[in-house]
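The values are calculated or read from the model by the stated rules, or taken from the named source; none is laboratory data. On a predicted model such as this, the values are computed, not experimentally measured, just so you know. Cβ: placed from backbone, ideal geometry, glycine included. Neighbour counts: every protein chain shown. Note: areas computed on protein heavy atoms with side chains; ligands, DNA, RNA excluded. Shrake-Rupley method; radii C 1.70, N 1.55, O 1.52, S 1.80 Å.
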Amino acid sequence: MNDADNKQKQRRFLEEYSNTLDIKASALAAGYKKQTAVANVRNLLKNPKAVKELKAICDSKAAHLEICPGYIIFGYLKILDWALDLDDYGKPNDAALGLRALDGLVKQLGYSFSDSNAKEPEKTTDMPAIVTSIKGLDPNKI
């Protein structure tokens, strides 16, 4: 395989990887052989030039991407709802995931806990709150 074909294969891998974040599937889609695909692309991802190119691809895609804040908030609420839903033993499915989702939600709404001992979040922007409360969530238990 010549150098031009190799560079084209690498570029196809980086494009596919930026879409899926799946190393194996992206390598196979780019045309790497099944036996050596993962090893080849792991080496590629160690190359600073390839990482820089991947970042440029992602930045280019992000520049054209518009996601409304409501969609993001809805996603956090779905994760929070599932994580705090009780399993068969009466315990939350994943309390740690619920806390991470709640943290992301709070940040999305423009608040942050700058002091770890603070009982109330500090407003970081003048953005009005979209969601003022979450059904069934007691903030004093977090």
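Just give me the residues in region 52-75 being of a type in the set (Asp, Glu) and in a helix (DSSP H, G or I), in sequence order.
GLU53, ASP59 - these are the residues of region 52-75 that are of a type in the set (Asp, Glu) and in a helix (DSSP H, G or I).
Any residue at all in region 31-51 that's in contact with a Ser or Thr (Cβ under 9 Å, 6 or more places away or on another chain), open to solvent by 60 Å² or more (accessible area, probe 1.4 Å) and either of a type in the set (A, V, I, L, M, F, W, C) or in a helix (DSSP H, G or I) (or both)?
For region 31-51, residues in contact with a Ser or Thr (Cβ under 9 Å, 6 or more places away or on another chain), open to solvent by 60 Å² or more (accessible area, probe 1.4 Å) and either of a type in the set (A, V, I, L, M, F, W, C) or in a helix (DSSP H, G or I) (or both): absent.
Residues checked against (1) in contact (Cβ under 8 Å) with a residue 40 or more places away in the chain; (2) not aliphatic (A, V, I, L, M):
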{"position": "LYS7", "(1), (2)": "no, yes"}
{"position": "ALA27", "(1), (2)": "no, no"}
{"position": "GLY31", "(1), (2)": "no, yes"}
{"position": "GLN35", "(1), (2)": "no, yes"}
{"position": "GLU53", "(1), (2)": "yes, yes"}
{"position": "ALA62", "(1), (2)": "no, no"}
{"position": "CYS68", "(1), (2)": "no, yes"}
{"position": "TRP82", "(1), (2)": "no, yes"}
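Filter region 59-78 down to residues that are more than 28 Å from GLU15 (Cβ to Cβ) and open to solvent by 70 Å² or more (accessible area, probe 1.4 Å), then give me how many there are.
So the count comes out to 2.
If a residue must be in a helix (DSSP H, G or I) and open to solvent by 80 Å² or more (accessible area, probe 1.4 Å), how many such residues does region 1-30 contain?
7
For region 85-102, enumerate the residues that are open to solvent by 70 Å² or more (accessible area, probe 1.4 Å) and either charged (D, E, K, R) or in a helix (DSSP H, G or I) (or both).
Across region 85-102, the qualifying residues are ASP85, ASP88, LYS91, LEU99, ARG100.
So LYS78 passes all but one of these: (1) in contact with a helix residue (DSSP H, G or I) (Cβ under 6 Å, 6 or more places away or on another chain); (2) in a helix (DSSP H, G or I). Which condition number does it fail?
Here LYS78 clears every test but (1).
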